[in-house]
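The values are calculated or read from the model by the stated rules, or taken from the named source; none is laboratory data. Everything numeric here is computed off the predicted structure, so don't read it as measured data. Here the Cβ is made from the backbone with ideal geometry for all residues, glycine too, and neighbour counts use every protein chain on show. In case anyone asks, the SASA skips ligands and DNA or RNA and just uses the protein heavy atoms, side chains included. Shrake-Rupley method; radii C 1.70, N 1.55, O 1.52, S 1.80 Å.
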Amino acid sequence: MGRHYGIEDDGKYHALLIAGRRISLDHLEAGGFTRNKIQAILATLEAVSPGASYVNMGTSVNWPEEPDARIKEGADAIVGVILAVATEPSPVKVRRALLDLGALGALPDALWRQLEERHQLPTSEPGIYLAPAGWTVAQLFEPAAAHTEHGEFPGAKALAGTSGEDFPPGVKLEVPKLPEEFWLAAHYA
């Protein structure tokens with residue numbers, strides 16, 4: 001799976017923090033959202049900016065296997081630089097200082113132009129996103145919150161959360177409002 005998350009149904013649940021730009025489902029559908037289209041987008045990422053990642057924020061379990069069949073159950077995606085990943089049942093502790101939009105400086109401006117020109121995929125303004133990969137709930141918790149061996153935070157209130165079943169999924173974070181350190185957790189939606 002590498003740096004691209006949520007494209008294949010691998011049975012794992014990932015929560016990501018990513019410095020990136022959102023691609024709306026509307027734009028993906030208008031461009032003919034198929035497995036081949038996704039592969040063409042990934043090929044552009046690899047050719048123009050090998051450090052770029054693609055995160056699909058919805059389920060792919062019902063996607064048709066045929067490469068040119070239209071995908072009817074798509075979701076928004078984010079293209080950018082992954083800053084942290086948690087996989088169920090293992091939450092990870094993250095320092096707020098890691099959440100820096102400067103990470104996007106590693107990606108050339110040509111990447112955004114190619115997404116727009118080659119794939120007709122306009123992107124949003126850059127931000128730091130909490131993203132669910134696939135059919136996942138992605139959450140942030142206070143550093144003192146206790147978690148079980150299953151990665152659950154019983155009784156703890158999430159600082160931020162999003163799910164693959166949200167419309168749209170993914171949350172642009174207000175980084176200065178986060179504590180200096182916090183938990184990133186993923187679990188089944």
Restricted to the range 33-53 and to residues being within 17 Å of the chain's Cα centre (by Cα) and among the β-branched types (V, I, T), the residue surrounded by the most Cβ atoms within 10 Å (Cβ to Cβ) is I41
Quick check on the range 131-178: of everything there that is in contact with a Pro (Cβ under 6 Å, 6 or more places away or on another chain), in contact (Cβ under 8 Å) with a residue 60 or more places away in the chain and closer than 15 Å to P91 by Cβ, which residue is surrounded by the most Cβ atoms within 10 Å (Cβ to Cβ)? P132
Please verify whether K72 is open to solvent by 10 Å² or more (accessible area, probe 1.4 Å), modelled with pLDDT under 95 and either not in a strand (DSSP E or B) or not aliphatic (A, V, I, L, M) (or both), treating the condition exactly as stated. yes
Among the residues of the range 84-98, are any assigned to a helix (DSSP H, G or I) and of a type in the set (A, V, I, L, M, F, W, C)? yes
Report yes if Q114 is assigned to a strand (DSSP E or B), of a type in the set (S, T, N, Q) and either touching a helix residue (DSSP H, G or I) at 6+ places or on another chain (Cβ under 9 Å) or buried (at least 18 other Cβ atoms within 10 Å of the Cβ) (or both), otherwise no. no
The condition of being β-branched (V, I, T) and in a loop (DSSP other than H, G, I, E, B) holds, among I38, I7, I18, only for I7
Those residues of the range 5-30 that are open to solvent by 30 Å² or more (accessible area, probe 1.4 Å) and touching a Leu at 6+ places or on another chain (Cβ under 6 Å) come to a total of 1
Leading residue by the ranking (surrounded by the most Cβ atoms within 10 Å (Cβ to Cβ)) among those in the range 54-69 that are part of a loop (DSSP other than H, G, I, E, B) and among the β-branched types (V, I, T): T59
G105 versus (1) farther than 20 Å from L25 by Cα; (2) surrounded by fewer than 21 Cβ atoms within 10 Å (Cβ to Cβ); (3) in contact (Cβ under 8 Å) with a residue 40 or more places away in the chain: which is the lone unmet condition? (3)
Failed condition for Y54, given (1) over 30 Å from A144 (Cα atoms); (2) at pLDDT below 95: (2)
Residue pairs, Cβ under 7 Å, 6 or more apart or interchain, first in the range 79-101 and within 17 Å of Q139 (Cβ to Cβ), second of a type in the set (V, I, T) and surrounded by fewer than 19 Cβ atoms within 10 Å (Cβ to Cβ). List them. A84/V92; A86/V92; R96/V175; L99/V175
